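> Sharing a structure here in structure tokens format.
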Amino acid sequence: MAGQHATPRGGFTYLDANASEPIRPEALVAMTQAAQVAGNPASVHGAGRRARALLETAREDMAALFGVTAENCVFTSGGTEANVLAIGAQGSGRRVLCGATEHDAVRAAVTGAGVIPVQADGVLDIVALERMLAADATPALVCVMLANNETGVINPLPEIARLCHAHGALVHVDAVQAAGRIPVTPQALGADSVAVSGHKFGGPKGAGALLLAGAHFRSLAPLMAGGGQEQGRRGGTP
């Protein structure tokens with residue numbers, strides 16, 4: 001099991017890193033330092049610019065880690081919001097297909113989604129997916145997790161993505177369980193969007209990101225319009 005162990009005051013050793021890793025000391029230090037920055041990143045005065053610089057440095061670091069441009073790294077409150085944002089934005093006008101073993105955050109994001117079966121070993125049934133894609137000319141959004149949070153099964157995303165794109169489908173990947181454990185980039189996976197969550201690999205709870213591939217996401221519709229933060233993709237003061 002990935003992640004470091006921790007021994008809280010209760011005296012037990014924490015091993016459930018798949019549910020949430022203990023926060024890493026360097027992340028805690030960074031959070032403490034950031035909490036002392038008083039400015040609003042949207043403000044144009046000196047304090048605001050300092051806060052904005054801190055935010056954008058973090059964005060550049062995340063983007064570099066996951067192989068996207070900084071403008072295509074959208075900060076969210078976690079994996080659930082990243083999944084819902086991606087599905088809501090890309091699923092409009094498309095039929096949505098989800099793997100049978102997807103996390104509830106994906107399955108609950110859209111009603112009436114088609115369910116792609118998995119094989120006996122838990123891996124997505126690619127033959128069944130191809131039949132589902134070929135059976136309807138309506139473009140699809142296919143949602144497939146990279147690593148399953150309960151079984152550890154890893155889906156062959158590059159192969160799945162090639163099939164989907166050949167049928168004009170977009171691919172959203174829930175990589176929450178995989179990020180920090182195996183290499184994750186949208187390009188290597190063939191994904192159009194990828195959701196990650198900080199607390200799964202040593203960061204704080206309540207922080208995540210939606211990683212986007214390509215420039216066609218400039219007009220991505222926000223769940224919360226707010227004040228136009230995150231390039232208009234997610235409202236609310238960061």
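> Express the accessible area of the chain per residue in Å², computed with a 1.4 Å probe while the remaining protein chains stay in the model.
49
> Per the Kirkwood formula on distinct C-alpha pairs, the Rh of the stretch 137-238 is how many angstrom?
Hydrodynamic radius (Kirkwood, Cα pairs) of the stretch 137-238 is 14.7 Å.
> Measuring from label point to label point, each 7 Å out along Cα→Cβ, what is the A137 to L15 span in nm?
5.6
> If you stretched the chain out fully between A166 and E56, how much longer would it get, using 0.36 nm times the residue separation minus the C-alpha to C-alpha distance?
In short, 36.0 nm is gained.
> Here is a further query. Starting from 0 in steps of 10 Å, tell me what percent of the Cα-Cα pairs of the chain lands in each bin.
8, 31, 34, 19, 7, 1
> Continuing with the same structure: Per DSSP H run of at least 4 residues, take -39500 (n - 2.57); add these up for the chain, divide by its residues and hand me the 222 nm value, nearest 500 deg cm²/dmol.
Roughly -9000 deg cm²/dmol at 222 nm, from the helical runs in the chain.
> Just to confirm a number: summing +1 for Lys and Arg and -1 for Asp and Glu over residues other than A86 whose beta-carbon lies under 10 angstrom from that of A86, what do you get?
Counting the neighbours of A86, the net charge comes to -3.
> On the protein heavy atoms, probe 1.4 angstrom, tell me the percent of accessible surface of the chain carried by carbon and sulfur. Walk me through the intermediate numbers first.
On the way: 6640 of 11610 Å².
Using a 1.4 Å probe with all protein chains present, the chain comes out at 57 percent carbon and sulfur.
> Mind listing which GluC sites (Glu not before Pro) in the stretch 135-238 are in a DSSP loop and have 16 or fewer other Cβ atoms within 10 Å? Walk me through the intermediate numbers first.
Details: sites: E150, E159, E230; in loops: E150.
Within the stretch 135-238, the qualifying GluC sites (Glu not before Pro) (loop, at most 16 other Cβ atoms within 10 Å) are E150.
> Using Cα atoms only, what is the angle between the long axis of helix 79-90 and the major principal axis of the chain, expressed in degrees (0 to 90) to the nearest 10?
Approximately 50 degrees, to the nearest ten.
The values are calculated or read from the model by the stated rules, or taken from the named source; none is laboratory data. The model shown is predicted, which means the values in this text are computed figures rather than measured ones. All Cβ positions, glycine included, derive from the backbone under ideal geometry; neighbour counts span all protein chains shown. Note: areas computed on protein heavy atoms with side chains; ligands, DNA, RNA excluded. Shrake-Rupley method; radii C 1.70, N 1.55, O 1.52, S 1.80 Å.
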